[in-house]
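The values are calculated or read from the model by the stated rules, or taken from the named source; none is laboratory data. Quick caveat, the model's predicted, so the values are computed rather than measured. Here Cβ is always computed from backbone atoms with ideal geometry, including for glycine, and neighbour counts include all displayed protein chains.
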Amino acid sequence: MSPASTIAVLVNPANIAQTAAERATVQDAARALGVRVVILNASSPSEIETAFDVLVGQRVDALVVSGEIFFLTQRGRLVELAARHAVPTIYAYREFPISGGLMSYGADFKEPYRLLGVYAGRILKGEKPANLPVQQATKVELVINLKTAKTLGLAIPLPLLGRADEVIE
């Protein structure tokens, strides 16, 4: 399969700050890679359908779905539409490839949830919340669904498979 020349990015325009940052980042990356980028907007289930209609009409080679939480709530529909239209799609949450999506690359939420428990314990023992350090997720994970890749006719390069945190067969 040839490299993608047109990539779509699905964003939620209702989340103004996140969408603005993602648009700028995506457009910079597209210029650097020499690919055309199509920004698709959706903030409701019906707009997701419309976005996929545009995607098909624009002959998009691949799709990136924003990490906006709305899309996580629409996981089943997004995975189904990506499969129906045979568009390779990458998501921000591991739940997508587990549900049949191609791949995800995003934060590993196990550690922040563990820290939440630790912080709750420290607060219950009398520590002041203001004295607790602010921490961010530092680990990202790559999850690849090989069954979906095969259905799409994609061969995932061995170096990428080797870097994956989880491969679903």
Exercise. In segment 138-169, which residues are assigned to a loop (DSSP other than H, G, I, E, B) and surrounded by 12 or more Cβ atoms within 10 Å (Cβ to Cβ)?
Worked result: LEU154, ILE156, ALA164, ASP165
For this session: Please specify each residue of segment 1-25 satisfying the condition of being within 23 Å of THR151 (Cβ to Cβ), of a type in the set (S, T, N, Q) and exposed (fewer than 15 other Cβ atoms within 10 Å of the Cβ).
Result: SER2, SER5
For this session: For segment 8-25, name all the residues that are in a helix (DSSP H, G or I) and of a type in the set (Val, Ile, Thr).
Result: ILE16, THR19, THR25
Problem set entry | Only listed residue being under 19 Å from THR6 (Cβ atoms) and among the aromatic types (Phe, Trp, Tyr), chosen from PHE52, PHE96, PHE71, PHE109 | PHE52
Exercise. Closer than 17 Å to ILE144 by Cβ and out of contact with any Leu (no Cβ under 8 Å at 6 or more places or on another chain), is that true of VAL79?
Worked result: yes
For this session: Could you pull out the residue among VAL60, VAL87 that is in contact (Cβ under 8 Å) with a residue 24 or more places away in the chain and touching a Ser or Thr at 6+ places or on another chain (Cβ under 9 Å)?
Result: VAL60
Exercise. List, please: which pairs have Cβ atoms under 7 Å, are six or more places apart or on different chains, and start with a residue in segment 1-22 that is of a type in the set (Asp, Glu) and end with one that is surrounded by 14 or more Cβ atoms within 10 Å (Cβ to Cβ)?
Worked result: GLU22/VAL9; GLU22/VAL11; GLU22/SER66
Seminar exercise, completed: The condition of being touching a residue at least 24 places away in the same chain (Cβ under 8 Å), touching a strand residue (DSSP E or B) at 6+ places or on another chain (Cβ under 9 Å) and more than 26 Å from GLN58 (Cβ to Cβ) holds, among LEU142, LEU102, LEU146, LEU161, only for LEU142
Exercise. What strands (runs of 3 or more DSSP E), lying completely within segment 26-137, carry at least 2 residues that are among the aliphatic types (A, V, I, L, M) and surrounded by 12 or more Cβ atoms within 10 Å (Cβ to Cβ)?
Worked result: 36-41, 62-65, 103-107
For this session: Tally the residues that are hydrophobic (A, V, I, L, M, F, W, C) and at pLDDT below 90, restricting the search to segment 1-49.
Result: 11
